[in-house]
Amino acid sequence: MKTTALIFTFLLLICGCKQQEKKGYETDFNKYFSKYQGAFILYDFNNRYYIRHNEEQCKKRFPPCSTFKIPNSLIGLETGVIPDENFTLKWDGVKRQIESWNRDHNLKSAIQNSVVWYYQEVARRIGETQMKEYLNKIGYGNNDISGGIDKFWLMNSLEISAEEQVDFLKKFYESQLPFSERSLNIVKEITILDSNKFYVLRGKTGSGVFQNSTDNLGWFIGYVTLGDNAFIFAANILGDDANGMKAKEITIEILKSMRIM
C-alpha cells in the first residue's frame, strides 16, 4: 500500500472525521486553539480531500498581513523589480521595534525575518497598475489594493480567507500561477522553514492588530511535502495576544498529531 494511502487511513482513524460533502471532512481541533478563536484547513493533495476546523471562520476573509509576502515576492520577481533572491535594499536607518529589521536585507532574509519595510519598498516599485493586474490574474481574495500601494495588505483593504489561501497555495505548489518557473522556484526555496529526510515544510506567518478591537490576528499558511504528496494548510487565530508565531505553533502541533511532521 502506498504511503499516502496509509496516511489517509490513519488520519481518518485518529481524527474521527465525518464526511460533510463528497470531498470534504471536518474534525475538532479545539484543544489546540485553547483561548483563541481559530480556523484550520488542510488539503491532502494526492487524495483530494479536506479537513476543516471551524468551517465558518475558514470562509471568512481577513487581511493577509505578512502572508502576502509570498505573492509580493512572486510579483516582484516576475516584473523584474526583484532580479533574484540576493536583491538587497539598504536599511533607511529608521529604528523599528523588531531589531532584525534594522539592517540591510535581501529577498531571502526579508521573507525569513518578515521585514515589512523591505516589502513596502518592493510594492512601491511594482506600482499600483502592475500589482492590481497580477492580483486579478491570481484571484487573491478580494483583490482590493485601494488602501495604498505600501499598506493595502497590512490590516487594510486587502482580505482573504483561509479557504482562499489554500486555493492559492495549491496553485503555487503545482506551479499553476501566472509566473515563470524561475520565479516560482525562487519563492518555493526561500519559504522553506524546516526540512529533513522525511519532509519539507514551507510557510509564512502573518500578524496584525485590529483597530477599535481587543482582538489581534495571527496567520500561518504553507504546505508540507511528505514522500510524493503535499499537505496544504492555512490557519488563522483571533485573540488579545494572537499573532503569527502563535498560529504557527498551533499548526505545527496539529500537523505533528496527524503524523505529517
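Looking across the range 152-170, the residues that are over 12 Å from Asn72 (Cβ atoms) and part of a loop (DSSP other than H, G, I, E, B) come down to Met155, Asn156, Ser157, Glu159. Selection of the range 208-223 for residues being surrounded by 19 or more Cβ atoms within 10 Å (Cβ to Cβ) and more than 12 Å from the chain's Cα centre (by Cα) yields Gly208, Asn216, Leu217.
The set of residues from the range 171-205 being under 27 Å from Lys59 (Cβ atoms), part of a loop (DSSP other than H, G, I, E, B) and not polar (S, T, N, Q) comprises Leu177, Pro178, Phe179.
Checked across the range 84-92, the condition of being among the aromatic types (Phe, Trp, Tyr) and surrounded by fewer than 22 Cβ atoms within 10 Å (Cβ to Cβ) holds for at least one residue. Of the residues making up the range 68-101, those that are part of a helix (DSSP H, G or I) and not hydrophobic (A, V, I, L, M, F, W, C) number 9.
Of the candidates Tyr118, Tyr134, Tyr140, the single residue that is in contact (Cβ under 8 Å) with a residue 12 or more places away in the chain, assigned to a helix (DSSP H, G or I), touching a strand residue (DSSP E or B) at 6+ places or on another chain (Cβ under 8 Å) and of a type outside the set (D, E, K, R) is Tyr118.
Scanning the range 124-159 for residues that are closer than 23 Å to Gln211 by Cα and of a type in the set (Lys, Arg) returns a single hit, Lys151.
Bear in mind these aren't lab numbers, they're just calculated from the coordinates by the rules spelled out. The structure displayed is predicted, hence computed values, not measured ones. Virtual Cβ from ideal backbone geometry, glycine too; neighbours counted across all protein chains shown.
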